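**Q** Sending over a structure as structure tokens; questions will come in a sec.
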Amino acid sequence: MQDFIFYLELGLNHVLDFAAYDHILFLIALALPFGFKSWKKVVLLATIFTITHCISLFLSVYEILIMDVSWIEFLIPVTIFGTAIFNLIYIKSISEHKSIVLHLVATAFFGLIHGFGFSNYFNMLMAEEDEKIMPLLGFASGIEISQVLIVLSVLGVSYFFLSVLKVKQKVFVAVASVAVILITIPMLIDTFPR
């Protein structure tokens with residue numbers, strides 16, 4: 001149980017580390033188009049992201065599928081950039097009843113990429129360990145808890161801007177998505193495989 005708690009804390013700290021803000025930025029971009037009224041959609045997207053990144057994390061940790069670290073480090077900001085661009089397209093038709101099928105497919109694909117990113121960190125920690133299931137479950141649980149905290153925070157900030165300050169949702173999503181794009185561009189340049 002101590003291993004589980006230890007790795008749970010590592011998973012939490014890995015995502016909530018502001019020095020490595022790429023995962024936070026992705027979750028911000030993912031949750032931006034949705035408000036508390038659309039919480040079921042956000043939960044569904046977060047669940048799809050969770051399932052797919054756990055799959056790639058598992059595949060990498062057990063060396064079933066290994067991805068080039070430099071490409072994964074580049075593809076993570078690509079997923080952030082792509083999600084923010086998708087938000088700009090999506091805001092033209094934001095409504096409670098809009099289909100999120102394309103969002104789900106993109107989120108699943110991006111979850112796989114992020115899982116390989118998480119696995120790079122996890123594999124460094126577990127280089128000498130034989131037993132990986134309990135640490136893997138703890139690490140994945142820590143990641144999930146931190147993701148829920150970030151998504152709830154984004155929904156809270158969104159609520160404040162939309163309900164308290166009365167900013168129009170399309171304006172809020174557009175401005176925040178452009179900010180995410182501007183933050184991501186240097187990451188794309190820095191991580192481009194050479």
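**Q** Which residues, counting only those in segment 98-144, are β-branched (Val, Ile, Thr) and either surrounded by 14 or more Cβ atoms within 10 Å (Cβ to Cβ) or within 24 Å of Trp71 (Cβ to Cβ) (or both)?
**A** Ile100, Val105, Thr107, Ile113, Ile143
**Q** Step by step: first the residues of segment 161-174, then only those that are loosely packed, with under 12 Cβ neighbours inside 10 Å and in a helix (DSSP H, G or I), then the one that is nearest to the chain's Cα centre (by Cα). Which residue is that?
**A** Restricting to residues being loosely packed, with under 12 Cβ neighbours inside 10 Å and in a helix (DSSP H, G or I), the top hit is Ser163.
**Q** Hey, any hits in segment 85-101 for a residue that's hydroxyl-bearing (Ser, Thr, Tyr) and under 21 Å from Tyr21 (Cβ atoms)?
**A** Pass one, segment 85-101, residues hydroxyl-bearing (Ser, Thr, Tyr): 90, 93, 95, 99.
In the following step, the residues that additionally are under 21 Å from Tyr21 (Cβ atoms) were identified as none.
Looking for residues that are hydroxyl-bearing (Ser, Thr, Tyr) and under 21 Å from Tyr21 (Cβ atoms), one finds none in segment 85-101, hence no.
**Q** Let me ask you something else. Of these, Ser99, Ser146, which one is hydroxyl-bearing (Ser, Thr, Tyr) and under 24 Å from Phe4 (Cα atoms)?
**A** The conditions single out Ser146.
**Q** Criterion first (of a type outside the set (Gly, Ala, Ser), at pLDDT below 90 and not in a helix (DSSP H, G or I)) does Glu144 satisfy it?
**A** So Glu144 does not fit the description; no.
**Q** Can you name the number of the only condition in (1) assigned to a helix (DSSP H, G or I); (2) at pLDDT below 85 that Cys54 fails?
**A** (2)
**Q** Does Lys132 qualify as being over 29 Å from Glu63 (Cα atoms) and either charged (D, E, K, R) or touching a strand residue (DSSP E or B) at 6+ places or on another chain (Cβ under 7 Å) (or both)?
**A** no
The values are calculated or read from the model by the stated rules, or taken from the named source; none is laboratory data. This structure is a prediction, so every number in the text was calculated from the model and none was measured. Neighbour counts run over all protein chains shown; Cβ positions are idealised from the backbone, glycine included.
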